[in-house]
Amino acid sequence: MTLVRIRDLRVAFDGVPVLHGINLDISAGETVGLVGESGCGKSVTWLAALGLLPAKARITGTVETAGSDLVSGGRSVLETIRGGRIAMIFQDPSSALNPVRRVGQQIAEALRLHRGLRGAAARAEAISLLDRVGIPDAARRLDLYPHEFSGGQCQRVMIAMALAGQPDLLIADEPTTALDATIQAQILALLTEVQRETGMAMVFISHDLGAVGAVCDRVAVMYAGRIVEEARREPLFAAPRHPYTRGLFDAIPRLDGPRSRLVPIPGTVPDPKNTPAGCAFSPRCARATSLCASERPTLLPQSDGRALACFHPVPAATLVSREGVFA
Ligand SMILES: Nc1ncnc2c1ncn2[C@@H]1O[C@H](COP(=O)(O)OP(=O)(O)O)[C@@H](O)[C@H]1O
Ligand SMILES: [Mg+2]
């Protein structure tokens, strides 16, 4: 069952397009990774979908869920869906938590809003939520303020608040980027565990293809406001075909093997005001030809089930298997 269907989603700020027509379906229970370097449009995609961009953003396209279109539906549609059916957590939990309100009050507020719980019932459920996200001594810590929690624990509190609405879909936008490696692994494990318990779907946004590969069933790779490759995890990791995906892949720090495998992609993501003609990745791409500089490849379905936007993809046959990269 499709939970969310995004079609031709476009966003422009001050007349400058930053998102150029995103198509993406999220099915019940699945985990989809959205990966790409900083500035590629990963956050804007979901902020636009959930009506969280500033008013100056011009948004077109459709985001269908539960029979409504979130783009044209207006406030009332957004308010029913957001936090209820779809919840979002962010990279910096401290900015999403109110510093002057006790953590318990904030979770109780989410429980009142989305599930109509109040008083003792809300408190009991808040304790159970904190417990579930691995905050020790939950009953006592409910009365603490956000600054009394570590970064990793604040992210756990954010996850508890997101779960308060019993969402069908959780959008996790770089939820572990601000955390150190050990805590990062713990939060990823928590998200996976919560998913297994609740059956909710998740969109996991990250600039780190390694983290995405560890949790996602399917991966969409974004570059300069477009999806350039989309595939199930196994075929993508066995053979990344877009040179950009391949570049992200080579930049994954490996736990084993020679360190020389870690190769950053030369150059940077283009400024939306100055996006190159043709394929936006072509100036950074070792495989690019003059065709790539003048024409833009469209995202097309491939025989192996993936979708790819590239005139000169990495040949599938020459790729070395990288199994065990998550070990
Ligand atoms: N509120 C905003 N106003 C103007 N430009 C923005 C705004 N938010 C994002 N952008 C631009 O949109 C592009 C995509 O940003 P974003 O979706 O945040 O990237 P990321 O993939 O890192 O999440 C970037 O060029 C960014 O500068
Ligand atoms: Mg972002």
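The values are calculated or read from the model by the stated rules, or taken from the named source; none is laboratory data. Only a predicted model underlies this, so the values are computations on that prediction, with no experimental measurement involved. Positions of Cβ are generated from backbone atoms using ideal geometry, with glycine treated the same way; all protein chains shown enter the neighbour counts. What goes into the accessible areas is simple: the full protein's heavy atoms, side chains included, and nothing from ligands, DNA or RNA. Shrake-Rupley method; radii C 1.70, N 1.55, O 1.52, S 1.80 Å.
Out of region 73-96, which residues are more than 16 Å from ligand 2 (Cβ to nearest atom) and of a type in the set (S, T, Y)? Step through it out loud before you land on a result.
Of region 73-96, the ones more than 16 Å from ligand 2 (Cβ to nearest atom) are 73-87, 94.
Once the filter is applied, which keeps residues that are more than 16 Å from ligand 2 (Cβ to nearest atom) and of a type in the set (S, T, Y), region 73-96 yields S76, T80, S94.
Candidates A160, A178, A121: the one that is over 17 Å from G33 (Cβ atoms), open to solvent by 30 Å² or more (accessible area, probe 1.4 Å) and either more than 17 Å from the chain's Cα centre (by Cα) or free of Cβ contacts under 8 Å to residues at least 40 places away in the same chain (or both) is A121.
With respect to the conditions (1) more than 30 Å from V16 (Cα to Cα); (2) surrounded by fewer than 16 Cβ atoms within 10 Å (Cβ to Cβ); (3) of a type in the set (G, A, S), A55 falls short on a single one, namely (1).
Within region 29-88, how many residues turn out to be of a type in the set (D, E, K, R), touching a strand residue (DSSP E or B) at 6+ places or on another chain (Cβ under 9 Å) and away from ligand 1 (no atom under 16 Å from the Cβ)? Steps first, please.
The initial filter retains those residues of region 29-88 that are of a type in the set (D, E, K, R), namely 30, 37, 42, 56, 58, 64, 69, 75, 79, 82, 85.
Restricting the remaining residues to those that are touching a strand residue (DSSP E or B) at 6+ places or on another chain (Cβ under 9 Å) gives 30, 37, 42, 56, 58, 64, 69, 82, 85.
Retained after the next criterion (residues that are away from ligand 1 (no atom under 16 Å from the Cβ)): 30, 64, 69, 82, 85.
Residues in region 29-88 being of a type in the set (D, E, K, R), touching a strand residue (DSSP E or B) at 6+ places or on another chain (Cβ under 9 Å) and away from ligand 1 (no atom under 16 Å from the Cβ): 5 in total.
Among residues of region 288-316 that are touching a residue at least 24 places away in the same chain (Cβ under 8 Å), those with a beta-carbon under 9 Å from a residue that is of a type in the set (S, T, Y) and surrounded by fewer than 17 Cβ atoms within 10 Å (Cβ to Cβ) at least six positions away or on a different chain give the pairs A309/T298; F311/T289; H312/T289. Taken together, the residues in region 65-118 that are acidic (D, E), without any contact (Cβ under 8 Å) to a residue 12 or more places away in the chain and not in a helix (DSSP H, G or I) amount to 1. Among residues of region 194-212 that are touching a residue at least 40 places away in the same chain (Cβ under 8 Å) and over 12 Å from L169 (Cα atoms), those with a beta-carbon under 9 Å from a residue that is of a type in the set (G, A, S) and assigned to a helix (DSSP H, G or I) at least six positions away or on a different chain give the pairs I205/S43.
Residue check: Q106 meets all listed conditions (1) at pLDDT 90 or above; (2) farther than 21 Å from G33 by Cβ; (3) surrounded by fewer than 15 Cβ atoms within 10 Å (Cβ to Cβ) but one, namely (3). Scanning region 124-151 for residues that are closer than 14 Å to L163 by Cα, open to solvent by less than 30 Å² (accessible area, probe 1.4 Å) and assigned to a helix (DSSP H, G or I) yields A126, L129, L130.
Tally time: how many residues in region 16-59 are part of a helix (DSSP H, G or I) and within 11 Å of I205 (Cβ to Cβ)? Before the answer, list the steps.
Going residue by residue through region 16-59, those that are part of a helix (DSSP H, G or I) are 42-49.
From what is left, the residues that are within 11 Å of I205 (Cβ to Cβ) are 42-47.
Residues in region 16-59 being part of a helix (DSSP H, G or I) and within 11 Å of I205 (Cβ to Cβ): 6 in total.
Looking at P270, P276, P253, P264, can you tell me which residue is over 27 Å from M200 (Cα atoms), in a loop (DSSP other than H, G, I, E, B) and modelled with pLDDT of 95 or more?
Numbers: P276 fails: modelled with pLDDT of 95 or more; P253 fails: modelled with pLDDT of 95 or more; P264 fails: modelled with pLDDT of 95 or more.
Residue meeting the stated conditions: P270.
Annotation: of all residues in region 3-18 being within 16 Å of ligand 2 (Cβ to nearest atom) and more than 14 Å from L50 (Cβ to Cβ), the one that is least open to solvent (accessible area, probe 1.4 Å) is V18.
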